[in-house]
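Asks: Dropping a structure here in structure tokens format, bear with me for questions.
The values are calculated or read from the model by the stated rules, or taken from the named source; none is laboratory data. None of these values were measured; they are calculated from a predicted model. In this analysis, Cβ positions are derived from the backbone assuming ideal geometry, glycine residues included, and neighbour counts consider all displayed protein chains. Remember, those area values only see protein heavy atoms, side chains included, never the ligands or the DNA or RNA. Shrake-Rupley method; radii C 1.70, N 1.55, O 1.52, S 1.80 Å.
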Amino acid sequence: DTGVSQNPRHKITKRGQNVTFRCDPISEHNRLYWYRQTLGQGPEFLTYFQNEAQLEKSRLLSDRFSAERPKGSFSTLEIQRTEQGDSAMYLCASSLEQGKYQRGSRADTQYFGPGTRLTVL
Amino acid sequence: AQTVTQSQPEMSVQEAETVTLSCTYDTSESDYYLFWYKQPPSRQMILVIRQEAYKQQNATENRFSVNFQKAAKSFSLKISDSQLGDAAMYFCAYRRANDYKLSFGAGTTVTVRA
């Protein structure tokens, strides 16, 4: 178990360019999440995958953002026509679903990657 | 929508002493989970401790313990015998029981003085 990895760790781009980030979750984890963290704030949820299916997208995820998880393994997050307001740390997390929720269930732990820091000039 | 509030932007503690971080949350749910995550500078976030709302007993993990007050919607973290390696940003997070996404507070920066 090598943990959640993300690439690149840092990305500097010019406004208007497209960028793509990659996340490799822990191998047996079936859930994958993307969060965005701006300086001095806590992470905010962006989107979630159960295996290869994208089940929810936050209203923070504008039409310029797209995420995929082909074959339920790694995931990519693409931002088109970047804006300065997109500058942030993009965090990926993964977890192993414990089964359908029942009262008394133990919460599955989300394991976070190191993040990709995006700077848009 | 659930909101998580951490009212202490920064806390400082002497090595070997105890520090308590506060967290309050707003929810109309009865079943949910609460978490404290630690984010060291330039390193990834790791889970420190978690609490299931249906459990009355406060969770403990070695030097870390929580004071969960469900009626008051309060979830504080106590770090005992503070060590230099405890210096980090600490985030309180909430998750509805049959949901998956975490809602985080703004974080508390903990500094440990040698």
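Asks: Can you give the accessible area per residue of the protein assembly as shown, in Å², using a 1.4 Å probe?
Replies: On the way: 11810 Å² over 235 residues.
Accessible area per residue: 50 Å².
Asks: Here is a follow-up. ³J(HN,Hα) across the range A:52-68 via Karplus (A = 6.51, B = -1.76, C = 1.60, θ = phi - 60°), whole Hz, x for Gly/Pro?
Replies: 8, 8, 8, 9, 8, 10, 5, 5, 5, 8, 6, 5, 7, 9, 9, 10, 9
Asks: Threshold 10 Å², probe 1.4 Å: give the residues of the range B:35-50, in number order, that are less accessible with all protein chains present than with their chain alone.
Replies: B:PHE35, B:TYR37, B:GLN39, B:SER42, B:GLN44, B:MET45, B:LEU47, B:ARG50
Asks: Convex hull over the Cα atoms of chain A, averaged projected area in nm²? Don't skip to the end; give the middle numbers.
Replies: Working: hull surface 31.4 nm².
Dividing the Cα hull surface by four gives the mean projection, 7.9 nm².
Asks: Still on this model: Once label points are set 7 Å from the Cα along Cα→Cβ at both B:SER42 and A:THR2, what is their separation, rounded to one decimal in nm?
Replies: 2.2
Asks: Here's a follow-up. Given H placed 1.01 Å from N in the peptide plane, which residues other than close sequence neighbours of B:THR111 have an amide H under 5 Å from its amide H?
Replies: Answer set, sorted by chain and number: B:MET11, B:SER12, B:VAL13.
Asks: Anything over 26 Å Cα to Cα? Flag those among B:LYS38/B:LYS101; A:LYS11/B:LYS38; B:LYS38/B:LYS70; A:LYS14/B:LYS38; A:LYS71/B:LYS55; B:LYS55/B:LYS101, in the order listed.
Replies: Details: B:LYS38/B:LYS101 18 Å; A:LYS11/B:LYS38 24 Å; B:LYS38/B:LYS70 22 Å; A:LYS14/B:LYS38 32 Å; A:LYS71/B:LYS55 37 Å; B:LYS55/B:LYS101 21 Å.
Over 26 Å apart, Cα to Cα: A:LYS14/B:LYS38; A:LYS71/B:LYS55.
Asks: Once Lys and Arg get +1 and Asp and Glu get -1 on their Cβ, which of A:ALA67, B:TRP36, A:PRO25 lies farthest toward the positive end of the dipole of the protein assembly as shown?
Replies: Working it through, the farthest residue towards the positive pole turns out to be A:ALA67.
Asks: Springs between alpha-carbon atoms under 10 Å, Gaussian network over chain A: tell me which of A:ILE79, A:ILE12, A:ILE26 tops the mean-square fluctuations.
Replies: Evaluated over chain A, the most mobile residue of the options is A:ILE12.
Asks: For the protein assembly as shown, give me the percentage of DSSP beta bridges that are antiparallel, rounded to the nearest 5 percent. Intermediate values should be presented prior to the final figure.
Replies: Working: 68 of 77 bridges.
Bridges in the protein assembly as shown are about 90 percent antiparallel.
Asks: Compute the label zone of B:GLN8 within the range B:88-114: residues whose backbone N is under 20 Å from the point 7 Å along Cα-to-Cβ.
Replies: B:88-94, B:104-114
Asks: Something else now. At a 1.4 Å probe, which residues in the range A:27-53 are at least 50 Å² less accessible with all protein chains present than in their chain isolated?
Replies: At a threshold of 50 Å² (probe 1.4 Å), the residues of the range A:27-53 that become less exposed are A:PRO43.
Asks: For the range B:1-65, report the translational diffusion coefficient in µm²/s to the nearest whole number, using Stokes-Einstein at 25 °C, 0.890 mPa s, and a Kirkwood Rh over Cα pairs.
Replies: Details: Rh = 13.9 Å.
My calculation gives 176 µm²/s for D.
Asks: For the range A:1-77, what's the relative contact order in percent, using C-alpha pairs closer than 8 Å and at least 6 residues apart? Before the final figure, lay out each step's value.
Replies: On the way: 118 pairs, mean separation 20.2, N = 77.
Taking the mean separation of contacting Cα pairs over the length of the range A:1-77, I get 26 percent.
Asks: Beyond 23 Å, how much of the Cα-Cα pair distribution for chain B remains, as a whole percent? Numbers along the way, then the final one.
Replies: Values: 1502 of 6441 pairs.
Every Cα pair in chain B considered, those over 23 Å come to 23 percent.
Asks: Which three extents, in angstrom, do the Cα atoms of the protein assembly as shown have along their principal axes, listed largest first?
Replies: The principal-axis extents, from largest down, are 48, 44, 34 Å.
Asks: While we're on this one: With all protein chains present, how much of the accessible area of the range A:1-120 (probe radius 1.4 Å) comes from carbon and sulfur, to the nearest whole percent? Display every interim value, and only then the final one.
Replies: On the way: 2690 of 6260 Å².
The C+S portion of the solvent-accessible surface of the range A:1-120 is 43 percent.
Asks: Summed for both chains, how many Å² of accessible area, to the nearest 100, are buried between B and A with a 1.4 Å probe?
Replies: Using a 1.4 Å probe on protein heavy atoms, the buried area is about 2200 Å².
Asks: For A:SER87, what accessible surface area do you get with a 1.4 Å probe? Give it in Å², rounded to 10.
Replies: About 40 Å², ignoring ligands and nucleic acids.
Asks: Something else: Contact order normalised by length for chain B, with contacts defined as Cα pairs under 8 Å and 6 or more residues apart; what percent is it?
Replies: On the way: 280 pairs, mean separation 42.8, N = 114.
38 percent.
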